[in-house]
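> What follows is a structure written as structure tokens; I'll ask about it next.
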Amino acid sequence: MSCLCLSPLSPQLGIAVGFLVPPVLIPNVEDVEKLAYHISVMFFMTAGVASALFILVIIVFKEKPPNPPSRAQALIQSRPTVEYSYVKSILRLLCNANFLLLMVTYGKVADIASIKLRHNKEWALRNFKSMGLGFALESMLLVGGSLNVGCFYALSTLLNRMVIHHYQGEEVNAGRIGLTIILSGMAGALISGIWLDKTKTYKQTTLVVYIMSLVGMIVYTFTLSLGHLWVVFVTAGFLGFFMTGYLPLGFEFAVELTYPESEGTSSGLLNVSAQIFGIVFTISQGQVMDRFGTKEGNLLLCSVLFLGTVMT
């Protein structure tokens, strides 16, 4: 399995711990001083773990592996240092005059890409570069994939607030629901990564996972207020399986479309874009929840996922 399929699992594991530990360490009490004490303990523990990891990175991590991890890295390392520019690589990914054209033709071109990459990867990549559409596909993927991941970030950030609104005093279970989303998503990421390695059906798999993320978000939205906590666990797990499982798909697809650019550049741009969308969606959904309610806030994410599905 590609390391790009495994790399998104590490931060997801950290998020899972973040969902589980704080509700256990911080009790639901009225005493502000006692609450502040428990919060301080949690922050000191976090700082200790982060400091230990920082020291391990300095001691253990090497500048680069003995062998290039990918064909793109092998090509980059074969060039003189002055020839390769990280800034120019980013500009080649972002500055593309064919982006508007791709808005119309993306569906057809991406379907061709999926088929040709399966049978003759070199032919597809060579022809995409000659048409000037390879990097433009990355631009569309950047937006479409970031919408999905941005929705996940917003959902994760506001999850505790949603659950407590409908289930008073269930702070611990709110964390467990978040843990369920992450763990099921890690399983989805592993399965989708294995599937991609075997089939190379990037377009079809991405579209199916995106549609199922939308379905899961709709089901979660309309079952959250039913009053049955076990239903929330089930629907949240279903949603997380596909929404979090989308993460490696975006990285894999980006690598295929942007070769011979470094996979680190395309993955980094995807992460930056996802973080920006996550901030925007979190603030927007929070405002909608304040003014209209939890269901309306989740419907906002449903509409965003629908837009991302159409773009995919």
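No value in this document is a laboratory result; all are computed from the given coordinates. Not measured: the values here are computed from a predicted model.
> State the extension gain, in nm to one decimal, for the chain segment bounded by GLU296 and THR46, taking 0.36 nm per residue of separation less the distance between their alpha-carbons.
86.6 nm
> Now for a separate question. If I stretch the segment between PHE233 and TYR37 completely, what's the gain in nm (0.36 nm per residue apart, minus their alpha carbon distance), one decimal?
67.5 nm
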